[in-house]
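I have placed the structure first, in the form of structure tokens, so that the comments after it can refer back to it.
No lab work stands behind these numbers, since they all come straight from the coordinates. No experiment lies behind these values; they were computed from the predicted model shown. Please note: Cβ atoms are built from the backbone with ideal geometry, for glycine as well, and neighbour counts cover all protein chains shown.
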Amino acid sequence: MILVHQIKKACIAIAIIAYLPLTAGAWGMTGHRIVGQIADFYLTAKARKGVAQVLGTESPAMASNWPDFIKSDSTYNYLSSWHYVNLPGGLDQEGVFNFLDTDKQVNVYNKIPEMIAILKNKQKTAAEKQMAMRLLIHFLGDVHQPMHTARKDDLGGNKVNLSWFGQRSNLHRVWDEQLIDYQQLSYTEYAAAINHPTKEQLNKWRHDSLKETVYESYLACNKIYAETKADDKLSYRYNFVFVELLNEQLLKGGVRLAQILNDIYG
């Protein structure tokens, strides 16, 4: 009887854990692969060769989720703060730029240049470059996920509980996965569907600084906070309001990632 009782308690605990919304990390698997797939489209021949020398047969899309996969290995716990940058509310562009210049916390903003430097350094080993490439691809996706420039006090929206089509969730998870998954497209289909930037957009996005990229995500984050509150019941209208912003952030991420890789490999 004691054994039966223990088994029942274990089953209940597992069921509760499965029901609770997970603390999300970044764009979900599909989102990161969309960014990688779009980037692949804009690579120059030299950059494509350089990426292949580092990743082998692994495409940018397939490499993009490695930094989330390795969260299962505690050896890589030190990477956890590299995926986001916490920004206070109420900042204008100058305020965001000043914060980025003075913030001493390890974050996605100051780690992206480090990954670029490793890839440019001929003294680095193949293993070091492979890890840097995987992280760079992933971090360019992360920095375009608006809730990765969000507030520290609510853990980037993870503590903003709400529902998504009747399912318990939180604001971060909605933007990581659920909005994207709602479109019911594979990552290749999704990339093809949104990869239609204008020449003006391409020119701007390719020349934006990393600071400007963070500021754009911060503005998107502010819009999300303004229009999403705790305990909201999100469904069709939320998708209607935000899908264009979602798609633009994914597209920007891919275009800017490609530009960085093109610059690295000349």
How far, in degrees from 0 to 90, does helix 29-41 lean away from the longest principal axis of the Cα atoms of the chain, to the nearest 10?
10
The chain: calculated mean residue ellipticity at 222 nm from DSSP helix runs of at least 4, using -39500 (n - 2.57)
-19000 deg cm²/dmol
Quick check: from the Cα gyration tensor, does region 133-266 come out rounded (a/c under 1.5), prolate or oblate?
prolate
Beyond 30 Å between alpha-carbons counts as too far, so tell me which of LYS124/LYS204; LYS46/LYS252; LYS46/LYS71; LYS129/LYS211; LYS104/LYS252 fall in that bin.
LYS124/LYS204; LYS46/LYS71
From phi via Karplus (6.51, -1.76, 1.60), per-residue ³J(HN,Hα) for region 158-165 in Hz, x at Gly/Pro:
5, 9, 8, 7, 7, 10, 10, 6
Mind checking which lysines have their C-alpha under 23 Å from LYS229, skipping anything on the same chain fewer than 8 residues away?
LYS152, LYS159
With viscosity set to 1.306 mPa s and temperature to 10 °C, compute the Stokes-Einstein D of the chain, Rh being the Kirkwood radius across alpha carbon pairs; µm²/s, no decimals.
82
Report, as a whole number in µm² per second, the diffusion coefficient that Stokes-Einstein gives for region 63-205 at 37 °C and 0.692 mPa s using the Kirkwood radius over alpha carbon pairs.
189
Applying the Karplus parametrisation 6.51 cos²θ - 1.76 cosθ + 1.60 with θ = phi - 60° to the phi angles of region 207-222, what ³J(HN,Hα) value in whole Hz is obtained for each residue in order, glycine and proline being reported as x?
9, 5, 6, 5, 4, 5, 4, 4, 5, 4, 5, 5, 4, 4, 4, 4
Region 184-254 -> Rg/Rh from Cα coords, Kirkwood Rh, value 1.01
Could you check the spin-label model distance between ALA192 and ALA45? Points 7 Å from the Cα along Cα→Cβ, value in nm.
2.6
Using a basic spin-label model with each label point 7 Å from the Cα along Cα→Cβ, how many nm lie between GLN183 and GLN201?
1.1
How would you rank 117-124, 174-181, 79-86, highest first, on the average number of other Cβ atoms within 10 Å across their residues?
174-181, 79-86, 117-124
